[in-house]
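Report on the following structure.
The values are calculated or read from the model by the stated rules, or taken from the named source; none is laboratory data. Just so you know, these numbers come straight off a predicted model, no measurement behind them. When we count neighbours, we look across all protein chains shown, and the Cβ atoms used for this are built from the backbone with ideal geometry, even at glycine. Accessible surface areas use protein heavy atoms only, side chains included; no ligands, DNA or RNA. Shrake-Rupley method; radii C 1.70, N 1.55, O 1.52, S 1.80 Å.
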There are 2 protein chains.
Amino acid sequence: MKNLDDTHVAKRNPETEDIEEMRELVIEAMSQTMSLYGFNATVGRLCGILFFAKEPMSLDDMSQAMGMSKTSVCTTIKTLVGAKAAKQVWLRGTRKDMYVAEKNFFQYFSDFFCNNLRTEVALNFAVLDKVLPLYEKILAGESRSPTRAEAEEDFSKLLEVKRYYTWLDSFVKQYLEDLKILQLPNPAESPDEP
Amino acid sequence: MKNLDDTHVAKRNPETEDIEEMRELVIEAMSQTMSLYGFNATVGRLCGILFFAKEPMSLDDMSQAMGMSKTSVCTTIKTLVGAKAAKQVWLRGTRKDMYVAEKNFFQYFSDFFCNNLRTEVALNFAVLDKVLPLYEKILAGESRSPTRAEAEEDFSKLLEVKRYYTWLDSFVKQYLEDLKILQLPNPAESPDEP
DNA sequence: GACGGTGTACAGAAAAAACTGAATAAACTA
DNA sequence: TAGTTTATTCAGTTTTTTCTGTACACCGTC
């Protein structure tokens, strides 16, 4: 691909090439890592490029570095910002949106991890809170029917699920909030969708 | 869709319909949950269907319940087994492969979680172990050049990454192994690819 | 060995996702 | 207000993923 700051490097030498290659390897690993969490290769690659960038990058910078259209980079960077792996910074002297990688990997990890788990807990509690009372209502009704037997079995399974998510909820709150307090300079807000 | 065991239920009543709907809701939530971890909706739905199934299901059972071809169900169930969300069981009296959901959600979670993090740690350590010595070599060379400045900056960034993964490694080992010991009836083996 | 039942490989169809250029909107400048 | 610069929307294209039916391999039974 292209040297990230070839504007500053007049002549190339073997070591410069080496650095290119090594960065490429690291970026590839980051990309693979992020794909474990459901991000596509493009998102991972942009994350890696931002990681090595010495200055905040504009959409045009990233577009050039990625060899992709500005449109794509725009959506990709939004994904990264959404995942808190990158953030927008304001620079005086330019009207462009500038972005930098989230350098604090501890923060990145705990944010990403926490957010996903919180989403998961919320999602499942919501449906359990909706469904369990209805099962209880059925079970409070006529005492013997095939439907009742169905309901009984579902109900006990779902109680087990609830037990799990109760545990997971406290796991997230306890362990990972501890972690945050330990690592974070700034308190993070949770971005929720309505 | 279709009642999971309508072969046993002669007549339908409102409550049976309710149970259908509630199961659908729970299955949908499970599906969404799994999509947070990069699985597609089909995988999640099959997981939900297996969760509510009273008996182990064959490929044909699942194919019918999902309204999908046997071929698709075959690959989907392999995904679930790979993620340890389902497992194959042997039943005497049939030659079919039978599958059940992994009911122990604690185990499912810790397995999935651990495996992903372990993969991540291994992946990144591998590339760091390859790349950091090369950077050191460059830094040991001629004392002043633009390339050297590049290398210095990369190197310190990568040391930070290494610090992170060292921490993550011990996090996984300590906290999650504790968790496993706490929850698991049977010791799990890690499935590694060569 | 032939046969019936079962799981999976494979090639192509269908669906979804990623990507693009052109058009539009928004935000600033003069 | 008109003009610039930048980000985003949108419709269409390319690429990737998912799904299907057919074919085949495997394994027991007759």
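Here are some notes:
Yes/no matrix, rows are residues, columns are (1) within 14 Å of chain A (Cβ to nearest Cβ); (2) within 10 Å of DNA strand C (Cβ to nearest atom); (3) part of a helix (DSSP H, G or I); (4) not acidic (Asp, Glu):
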site: B:99; (1), (2), (3), (4): no, yes, no, yes
site: B:123; (1), (2), (3), (4): yes, no, yes, yes
site: B:126; (1), (2), (3), (4): yes, no, yes, yes
site: B:129; (1), (2), (3), (4): yes, no, yes, no
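- Those residues of segment B:58-87 which are open to solvent by 10 Å² or more (accessible area, probe 1.4 Å) and near DNA strand C (Cβ under 10 Å from one of its atoms), in sequence order: B:59, B:60, B:61, B:63, B:69, B:70, B:71, B:72, B:74, B:75, B:78, B:81
- Failed item, numbered, when residue B:113 is tested on (1) under 30 Å from residue B:51 (Cα atoms); (2) facing another protein chain (nearest Cβ under 8 Å): (2)
- Restricting the first member to segment B:49-68 and to residues that are away from chain A (no Cβ under 14 Å), and the second to residues that are among the basic types (Lys, Arg) and within 10 Å of DNA strand C (Cβ to nearest atom), the beta-carbon pairs closer than 8 Å and six or more apart or on different chains are B:58/B:96; B:59/B:70; B:59/B:96; B:60/B:70; B:60/B:96; B:63/B:70.
- Residue in segment B:49-57 that is within 15 Å of DNA strand D (Cβ to nearest atom) and surrounded by 18 or more Cβ atoms within 10 Å (Cβ to Cβ) present: yes
- Across segment B:6-41, the qualifying residues are those that are away from DNA strand C (no atom under 16 Å from the Cβ) and outside any helix (DSSP H, G or I), and the one among them that is modelled with the highest pLDDT is B:13.
- All of B:81, B:89 fail the test of being more than 16 Å from DNA strand D (Cβ to nearest atom) and without any contact (Cβ under 8 Å) to a residue 40 or more places away in the chain, apart from B:89.
- Of the residues making up segment B:99-111, at least one is more than 27 Å from residue B:170 (Cα to Cα), surrounded by fewer than 19 Cβ atoms within 10 Å (Cβ to Cβ) and in contact with a Pro (Cβ under 6 Å, 6 or more places away or on another chain).
- Check on residue B:44, within 16 Å of DNA strand C (Cβ to nearest atom), part of a helix (DSSP H, G or I), of a type outside the set (Val, Ile, Thr) and open to solvent by less than 40 Å² (accessible area, probe 1.4 Å): yes
- For first residues located in segment B:96-115 and within 16 Å of DNA strand D (Cβ to nearest atom), partners that are part of a helix (DSSP H, G or I) and lie 6+ apart or on another chain with Cβ distances below 7 Å form the pairs B:96/B:59; B:97/B:59.
- Pairs, first within 20 Å of residue B:101 (Cα to Cα) in segment A:146-173, second at pLDDT below 90, C-beta under 6 Å, six or more apart: A:164/B:105
- Residue check for residue B:63: more than 27 Å from residue A:162 (Cα to Cα) and within 16 Å of DNA strand D (Cβ to nearest atom): yes
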